[in-house]
Amino acid sequence: MLDTFLLSRIQFATNISFHILFPTITIALCWFLLFFKIRFDQTADPIWMRAYRFWVKIFALTFALGVVSGITMSFQFGTNWPGFMEKVGNVAGPLLGYEVLTAFFLEATFLGIMLFGIKRVPPKIHTLATAIVAFGTTMSAFWILSLNSWMQTPTGFEIRDGVVIPTDWFAIIFNPSFPYRFFHVLVASAITASFLIAGISAYRLLRGDNKRAPKMTLKVALTAAVILTPLQAFIGDLHGLNTLEHQPQKIAAMEGVWETEKGAPLLLFAIPDEETRSNHFEIGIPNLASLILTHDADGEIKGLNEFVGKHPPVKPVFYSFRVMVGLGLFMILVAWVTRITLFKRNELPPWMLKVLVAMSFSGWIATLAGWYVTEIGRQPYIVSGVLTAKEAATDIAPENVALSLALYSIVYFGLLCAYLHTIFVMARRAVEIEEISDKENQADNILLNSTVTKNLDNKVENTDV
């Protein structure tokens, strides 16, 4: 039997999972581009411009897919979740509008200059355009995450006749979870872009591109990753403390804690069972969950049994959290090992380059896992304590939702495959262009040397005469 509510949830999850992949790259990648451009302006070293030209193409491709996939999401508020805008549209509508007015207009206006004006406008104007686009991507994240954080920890409103009415916009925008969530996502984007740049640079080196450009971008990306990965762990800790205060049921699901207890263990592995309300095959470290979450080895963590009927499905949150943390720790290890090796030897062995290529899109996996923890962990609510998912869901025929879900899935799968293929094709062509340039430079040098030799011979002959 098809279920409209379940299909609508799957469809929105499919849309958001596809869409978030691209802003996760573009938010930070544009700041890397700005760094490349500023370094070129400062040094006049063409290597920085070559890096800029290569990565601005990937930015444009990624940005385009992010915009297109974002548009389809907005339609679902009306088709699949009409109750959402009916009840909280007075908050969601303006915040989404601010994102368009402040961020998207900046991006759309100056992106053209950034992409096509490099030879048509003065260098300072082009650098300024790149900076404005980078600022615009960050502002876009600001407004979207403000709305999403408000849905997690709603403040600054009152309910009149069943409709949410804003009373304090400052409290709405800067709600209790917003600062932690905002910086957590920004750093996640920077890590994602760092590993993407490192992976594609490593791929070019493995393909035989021994020029300075991929070596330089590899060094920049790994340096950024070395700084950002531990920083993300610190921000994640602060975010966890905030979540424990405002969404204890989410923390209980993340840690698989059923009964309220002090000195809760950190479960490395378990199989949560919602029927028996217990875990099977637990492997844990005593007291560590309490120590991490409360900074006290005997700190108390509320169990899921305190929130019967009001806590999220446990397994998705429990496993997604472990994927995010596990991959995050592995990214710290890879970043530090490869950067130290690069510092000592000024190059990486092939096996390390292959590891970086394999991790080119590891930021996507970590981001999706974290997003699932955040969004599924809010269930059964869309807006915590205010609006449940069932109250907001549509009542249209399930066959209609199933059809649109199937079409979305097919199109998104095709676009994702095309995107990945295109990026690696661009990397391979960059290597071929380098090889062609080398041959042209060698030919020019031979011609130049031949000309110089002839001139010297003429001088000698004239001197003899």
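Around the Cα centre of the stretch 281-408, unit charges on the Cβ atoms of Lys, Arg, Asp and Glu (plus for the first two, minus for the last two) sum to a dipole of about 600 debye. With neighbour counts taken as other beta-carbon atoms within 10 Å, the residues Trp336, Trp81 rank, fewest first, as Trp336, Trp81. Spatial offset of the stretch 415-430 relative to the stretch 100-149 amounts to 24 Å, using the alpha carbon center of each. Considering only alpha-carbon pairs that sit under 8 angstrom and 6 or more positions apart, the relative contact order computed for the chain is 19 percent.
When +1 charges are put on Lys and Arg Cβ atoms and -1 charges on Asp and Glu Cβ atoms, the dipole computed for the chain relative to its Cα centre reaches about 1520 debye. In this structure the amide hydrogen of Gly284, modeled in the peptide plane, comes within under 5 Å of the amide hydrogens of Leu268, none closer than 5 places in sequence on its chain.
Helix 105-116 against the longest principal axis of the chain: what's the angle in degrees, Cα atoms only, rounded to the nearest 10? Here the helix axis deviates by roughly 20 degrees.
Between helix 178-206 and the chain there is an angle of about 40 degrees, using the helix long axis and the longest principal axis of the Cα atoms.
For the stretch 90-160, relative contact order (Cα pairs under 8 Å, six or more residues apart, normalised by length) works out to 44 percent.
Please give the FRET efficiency for Arg212 paired with Ile71, using the beta carbon to beta carbon distance and R0 = 45 Å, rounded to the nearest 0.05. Display every interim value, and only then the final one.
Details: r = 40 Å, r/R0 = 0.88.
Efficiency at R0 = 45 Å is approximately 0.70.
Report the Cα centroid-to-centroid distance between the stretch 2-80 and the stretch 347-380 in angstrom, as an integer. Taking the Cα centre of each part, the stretch 2-80 and the stretch 347-380 sit 16 Å apart.
Farthest toward the positive end of the dipole of the chain, out of Thr4, Ala202, Cys30, is the Cα of Ala202, where the dipole comes from beta carbon charges about the Cα centre. Summing charges over neighbours of Phe343, with a neighbour being any other residue whose Cβ is under 15 Å away from its Cβ, gives +4 when K and R count +1 and D and E count -1. Dipole orientation for the chain: of the candidates Tyr408, Ile172, Pro313, Tyr408 has the Cα lying most toward the positive pole (charges on Cβ; Lys, Arg +1; Asp, Glu -1). The structure-derived value of Rg/Rh (Cα atoms, Kirkwood Rh) appears in the list (1) 0.94; (2) 1.07; (3) 1.01 under the label (2).
Sorting 353-360, 146-153 by average packing, meaning the other beta carbons within 10 Å per residue, from highest down gives 146-153, 353-360.
The residues packed around Ala297, meaning those with a beta-carbon under 14 Å from its beta-carbon, carry a net charge of -3 if Lys and Arg are +1 and Asp and Glu are -1. Once both labels are positioned 7 Å from their Cα atoms along Cα-to-Cβ, the gap between Met426 and Lys315 label points is 3.9 nm.
Shown in residue order for the stretch 260-277 are the 3J(HN,Hα) couplings computed by the Karplus curve 6.51 cos²θ - 1.76 cosθ + 1.60 at θ = phi - 60°: 4, 8, 9, x, 5, x, 8, 7, 6, 8, 5, 10, x, 10, 6, 6, 8, 6 Hz (x for Gly and Pro). Couplings 3J(HN,Hα) for the stretch 53-68, derived from phi with the Karplus relation 6.51 cos²θ - 1.76 cosθ + 1.60 (θ = phi - 60°), are 5, 5, 7, 5, 5, 5, 4, 4, 4, 5, 4, 4, 5, x, 5, 4 Hz, where x marks Gly and Pro.
Karplus-based coupling profile of the stretch 87-99, in residue order and whole Hz: 8, 10, x, 5, 9, 5, x, x, 5, 5, x, 4, 4, with θ = phi - 60° in 6.51 cos²θ - 1.76 cosθ + 1.60 and x standing for Gly or Pro. With Cα atoms defining each centre, the stretch 203-267 and the stretch 312-336 are spaced 8 Å apart in the structure. Each peptide in 412-425, 209-222 was scored by the mean count of other Cβ atoms within 10 Å over its residues; highest first, the order is 209-222, 412-425.
The H on the amide N of Arg277, modeled in the peptide plane, is under 5 Å from the matching H of no residue at least 5 residues off or on a different chain.
Amide H contacts for Leu387 (H built 1.01 Å from N in the peptide plane; partners 5 or more residues away or on another chain; cut-off under 5 Å): Ile382.
As a length-normalised measure over Cα pairs under 8 Å and 6 or more apart, the relative contact order of the stretch 284-367 settles at 21 percent. Taking packing as the residue-averaged number of other Cβ atoms within 10 angstrom, the listed peptides 163-169, 253-259 run from highest to lowest as 253-259, 163-169.
Readers should treat all values here as calculations from the given coordinates under stated rules, not as data from a laboratory. In this text the structure is predicted, and so the values were computed from the model without any measurement. Cβ coordinates were reconstructed from backbone atoms using ideal geometry, including for glycine residues, and neighbour counts include every protein chain displayed.
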